[in-house]
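As C-alpha cells, the structure follows; a few thoughts come after it.
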Amino acid sequence: MNFLNFTQQKHRGFTIVELLIVIVVIAILAAITIVAYNGVQQRAVNSVAESEASQAVKLLKAYYTINGTYPAITNGANSVCVGEGFTSYTGDANGDCWDSKSSVVRSVDPNFNATLANVGVMNSASKPTIPYSTVSFTGPVFSTPSEANNPTGTYVVRYWVYGSTCPIGSKIWAGTVVVTSQCGIGLE
C-alpha cells in the first residue's frame, strides 16, 4: 500500500459510536429543557394562586371592616369559591373551585360574590387548575369555622399550590401522590 494514497483517503460518514454520542447529548438536553419548563409552569400557577388568595383576603377583610361580619354564604355550604371565572364540574352555570369527583364540591355563590363586590371585585381571569389524584383545585375558597374540611377552626381563605411550601399563610394539608399543598390564610 502506498503511503501517499493512504493519507489522501477521505472519511465517508460517521461511526456508530459518534452517532450514539450525539443522540445521548440531544436526549440529555431535551430532558433538562422539559424539567426546566415544568418548573417554570408550576411557579407561574403558584404565583397566580398566591395573588388570587391575597386578593380574596384583602376583599374579605375590607368587607369585614365596613360591615362587622363576612358576606353570607347563601348556597347552603360552609365554604364558597371567591371570585368569578371558575369551570363548572357539576354542570351548573356558576362554576366550582374544588371538584373531588364525588360529593365534596365547592361552588361559586353568586350572591356571596355580588355582596363582596360592594368593596371590590376579584380578578375574573381564567383560573389555573391544580390536579391531584381524582381532585381538581382551582382558585381561592372562603371557609367558615364550621366547614368540615377546615382544620383551622377559624375563618380562612384556602388555596392550593404545587410544592411543599406555602408562599403566604400556613400549610393546612400536603399531598403525597403529587407534591401539592393546601394553604390557609387566617382572617382573624
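The values are calculated or read from the model by the stated rules, or taken from the named source; none is laboratory data. Small disclaimer: the values here were computed from a predicted structure and weren't measured. Heads up, the Cβs are rebuilt from the backbone with ideal geometry, glycines too, and the neighbour counts pull from every protein chain shown.
Descriptive notes on the structure:
- Scanning the stretch 101-116 for residues that are at pLDDT below 80, assigned to a loop (DSSP other than H, G, I, E, B) and either buried (at least 17 other Cβ atoms within 10 Å of the Cβ) or in contact with a helix residue (DSSP H, G or I) (Cβ under 8 Å, 6 or more places away or on another chain) (or both) turns up nothing.
- Any hit, the stretch 31-40, residues being of a type in the set (G, A, S) and either under 30 Å from S146 (Cα atoms) or modelled with pLDDT under 85 (or both): yes
- Subset of the stretch 76-94 (residues that are crowded, with 18+ Cβ neighbours inside 10 Å and touching a helix residue (DSSP H, G or I) at 6+ places or on another chain (Cβ under 9 Å)): V80, C81, V82, G83, E84
- Residue count for the stretch 45-60 under the criterion of being farther than 12 Å from G139 by Cα and surrounded by fewer than 17 Cβ atoms within 10 Å (Cβ to Cβ): the result is 1.
- Where T165 falls short, out of the listed (1) crowded, with 18+ Cβ neighbours inside 10 Å; (2) closer than 18 Å to V48 by Cα; (3) of a type outside the set (D, E, K, R): (1)
- Residue match in the stretch 29-41 (condition: more than 24 Å from the chain's Cα centre (by Cα) and surrounded by 11 or more Cβ atoms within 10 Å (Cβ to Cβ)): no
- Of all residues in the stretch 134-187 being in contact (Cβ under 8 Å) with a residue 60 or more places away in the chain and of a type in the set (V, I, T), the one that is farthest from V80 (Cα to Cα): I168
- Qualifying positions in the stretch 48-99 - more than 24 Å from the chain's Cα centre (by Cα) and on the phi > 0 side of the Ramachandran plot: G68, G76
- Whichever residue in the stretch 150-162 is in contact with a strand residue (DSSP E or B) (Cβ under 9 Å, 6 or more places away or on another chain) and surrounded by fewer than 16 Cβ atoms within 10 Å (Cβ to Cβ) and, among such residues, is nearest to Q42 (Cα to Cα): P151
Yes/no matrix, rows are residues, columns are (1) assigned to a helix (DSSP H, G or I); (2) free of Cβ contacts under 8 Å to residues at least 24 places away in the same chain:
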site	(1), (2)
Q42	yes, no
A53	yes, no
A56	yes, no
L59	yes, no
T69	no, yes
G76	no, yes
E84	no, no
T87	no, no
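- The lone exception for V119 - which of (1) of a type in the set (A, V, I, L, M, F, W, C); (2) part of a loop (DSSP other than H, G, I, E, B); (3) more than 22 Å from P71 (Cα to Cα) it fails: (3)
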